[in-house]
Structure formats: C-alpha cells, structure tokens
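Notes for the one structure printed next.
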C-alpha cells in the first residue's frame with residue numbers, strides 16, 4: 001500500500017457525493033455491478049477530478065463528465 005500511495009492520490013468521501021451518485025444512477029439508468037462504478041464517478045465529480053485511468057474503459061464510457069484513459 002505504501003508503494004501505491006506514492007503514485008496515486010487517495011480521496012475521502014465528501015458531503016454531496018450521495019446525491020451525485022444517485023443522480024448518475026438515475027440519469028444513466030445504472031444497475032447491478034455498474035452501480036459501484038457510478039460511485040467512483042460520483043467521488044471524482046465531487047472532488048473535481050475529470051480524468052480516470054482504467055483497465056476497462058467500457059464501464060465508464062456512459063459518463064460524459066469524465067475523460068477516460070485506458071491502460072494497455
């Protein structure tokens with residue numbers, strides 16, 4: 001974990017994230033395991049983070065509010 005923390009920034013939950021998350025789930029008709037991804041996007045939006053590095057960009061394509069960078 002210490003090695004990961006030197007490369008990545010970790011963020012805590014922030015007030016308002018629940019409202020952002022529920023709006024994303026509703027707007028994009030998210031269900032099942034994808035709800036967890038919507039939570040990640042809600043955290044990003046609450047913190048003003050606009051870019052996501054991921055191994056599977058397909059799960060995040062629906063969110064026009066963020067830019068996706070695919071690993072590999």
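Kindly indicate the residue of the range 48-72 that is part of a helix (DSSP H, G or I) and in contact with a helix residue (DSSP H, G or I) (Cβ under 9 Å, 6 or more places away or on another chain) and also modelled with the lowest pLDDT among those meeting that condition.
Just the residues of the range 48-72 that are part of a helix (DSSP H, G or I), to begin with: 57-60.
So of that shortlist, the ones also in contact with a helix residue (DSSP H, G or I) (Cβ under 9 Å, 6 or more places away or on another chain) come out as 59-60.
Numbers: 59: 89, 60: 95.
So the residue we want is 59.
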Item checked: Cβ pairs under 7 Å, 6+ apart, first in the range 13-33 and on the phi > 0 side of the Ramachandran plot and at pLDDT below 95, second assigned to a helix (DSSP H, G or I) and surrounded by 10 or more Cβ atoms within 10 Å (Cβ to Cβ) -> 16/46
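The values are calculated or read from the model by the stated rules, or taken from the named source; none is laboratory data. Predicted, not measured: the structure shown is a model, and the values here were computed from it. Heads up, the Cβs are rebuilt from the backbone with ideal geometry, glycines too, and the neighbour counts pull from every protein chain shown.
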